[in-house]
Amino acid sequence: MTHVSLLSRYADRLGLSDSAPELHRRAQGSCAQIVELLDEILVAHTHSICFENLDVVAFRARGDLEAVAIDVDGAAGKLLTDGRGGYCHEHASLIRGVVTELGLRAHPILARVHLGDGQTAPGALTHQATIVDLDGRRLLIDPGFGGGTPEAALELSESAAARMTSHGEHRIVPAGTALTPHLRADSDWVLQSRTRDDQDFRTVYAFSEVPRPQADLDLANWFTSTKPGARFTGPPILALPLPGGGRVTLEGRRLRRMIGGVRPDRHERTLSDATEFAEVLSTEFGLDLDREFTDLVWSATAEG
C-alpha cells in the first residue's frame with residue numbers, strides 16, 4: 001500500500017496548487033516568504049474545512065461521555081479523509097502536524113477566550129492554537145476559532161502592525177496593555193480583532209506563549225467536549241468563511257449568511273426539519289453525512 005504523506009493529503013483537501021515537494025521548498029525560504037506561505041495555507045484551510053461541533057452534540061445525544069480525538073492522526077482522519085470539519089483542538093492539531101512536516105518549529109498554546117461583555121474573571125484555558133518559531137520570530141496561526149478566525153499569521157511583537165484580511169483586521173498586543181491585572185491571569189499576549197476600520201479593536205482571547213504538554217491539551221479538550229452548559233456541548237455551531245468577506249454560520253436551527261462587499265447583504269432563517277438540516281450541512285458547509293447521524297444531531301437541537 002502506498003503511503004501518502006500528511007502534507008500531500010492536506011494539500012489535496014485544501015486544493016493547493018503547489019505539490020508537497022514545492023511546499024517543502026517554499027518552507028525553506030526567507031522569513032517573509034514563509035509568512036506568505038502560512039497566510040496562503042490559513043486562507044485555504046479556513047475556506048475548505050469548516051468549523052463544527054457535530055460530534056460533540058452527537059456524543060451527548062447518545063448519552064456518551066466522550067471527547068473528540070485530537071491527536072494528529074485522528075484529526076487528519078476526520079478533517080482530511082472523511083471530509084469533515086472540527087473545532088479548535090482538531091484544527092490546531094492538524095495544522096501543527098502540517099507545519100511540522102514542512103520542517104518548521106511549532107508548539108501548541110492554550111488561550112482564555114474574552115469575548116462577551118461583563119467578564120469579571122479569567123475564563124478557563126479551553127482554546128487551542130499554534131505558535132510557529134522562525135528563528136526567534138514567533139507567529140500565531142489559528143484556523144480554528146470559528147467565525148472570528150484570523151486568516152493570517154500574526155507576529156508576537158509589540159511593534160508588529162495589525163494585519164488586514166478579507167474578514168477583518170487582527171493584531172497581537174501585550175496582555176498588560178489590553179487587560180486589567182485580575183483578568184490577565186498568566187497571559188503574555190492578547191489577540192484583538194475588528195471587522196471594520198471604524199470600530200474599536202475587541203479582545204478575542206489571551207494566552208501565554210509557553211508550550212503546552214499533551215496532558216494539558218487533552219484536559220482542555222475533555223472540558224470543552226463534555227462539560228454541561230459549555231459553549232460547544234449545546235446546539236450545533238458551524239462556521240465557514242465565504243469569498244469576498246462573507247460568512248455562513250449555523251447555531252442551533254438558525255442559519256445566517258452574509259455576503260461581503262461595500263454593502264454587505266445578510267440573510268437569516270430558521271431551519272424547519274431534519275431534512276433541511278441535512279441539506280444545509282451539505283450545500284453550505286460541504287458536509288455529506290450519514291442521515292442517521294444528522295437526524296440524531298437534529299433531535300438534540302432546540303428550536304429557535
- Message: Can you tell me the length gained on complete extension of the stretch PHE223 to ARG254, counting 0.36 nm per residue apart and subtracting the Cα distance?
- Response: 8.6 nm
- Task: Using the Kirkwood radius over Cα pairs, work out the Stokes-Einstein diffusion coefficient for region 237-299 at 4 °C and 1.567 mPa s, in µm²/s as a whole number.
- Result: 106
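Based on DSSP loop calls and a cut-off of at most 16 other Cβ atoms within 10 Å, the longest stretch of the chain free of exposed GluC sites (Glu not before Pro) is what? Numbers along the way, then the final one.
On the way: sites that count: GLU66, GLU158, GLU209, GLU303.
Free of exposed loop sites, the longest segment is 210-302.
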- Item | Rg/Rg_globular for the chain, with Rg_globular taken as 2.2 N^0.38 Å and Rg from C-alpha atoms | 0.97
- Dividing the helical contributions, -39500 (n - 2.57) per DSSP H run of n ≥ 4, by the residues of the chain yields a 222 nm value, nearest 500 deg cm²/dmol, of -10000 deg cm²/dmol
- Can you give the net charge of the other residues whose Cβ lies under 10 Å from the Cβ of ARG84, counting K and R as +1 and D and E as -1? -4
- Please state the charge dipole magnitude for region 237-299, taken about the Cα centre, from unit charges on C-beta atoms (+1 on K and R, -1 on D and E), reported in debye and rounded to the nearest 20. 520
- Item | Cut-off 9 Å between beta-carbons: net charge of the residues surrounding VAL210, Lys and Arg +1, Asp and Glu -1 | -2
- In whole percent, what relative contact order does the chain give with Cα contacts below 8 Å and a gap of six or more residues? 17
- Plugging the Cβ-Cβ distance of LEU242 and ALA300 into 1/(1 + (r/R0)^6) at R0 = 22 Å yields, to the nearest 0.05, a FRET efficiency of 0.20
- For the chain, modelled as a Gaussian network with Cα springs under 10 Å, which listed residue fluctuates most, SER30, SER208, SER225? SER30
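Give me the percent relative contact order of region 233-276, please, defined on Cα pairs under 8 angstrom at least 6 residues apart.
Averaging sequence separation for qualifying contacts and normalising by length gives 27 percent for region 233-276.
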- About the Cα centre of region 217-261, how large is the charge dipole given +1 on each Lys and Arg Cβ and -1 on each Asp and Glu Cβ? Please answer in debye to the nearest 20. 260
- Cβ-placed point charges (K, R +1; D, E -1), dipole of region 26-157 about Cα centre in debye, nearest 20: 180
- Put +1 on the Cβ of each Lys and Arg and -1 on the Cβ of each Asp and Glu in the chain; which of LEU140, ALA58, ILE34 then has its Cα farthest toward the positive end of the dipole? LEU140
- Task: With N denoting the number of residues in region 140-221, provide Rg(C-alpha) divided by 2.2 N^0.38 Å, to two decimal places.
- Result: 1.13
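Values in this text are rule-based calculations from the coordinates and carry no lab data. Small disclaimer: the values here were computed from a predicted structure and weren't measured. Note that we place each Cβ from the backbone using ideal geometry, even for glycine, and neighbour counts take in every protein chain shown.
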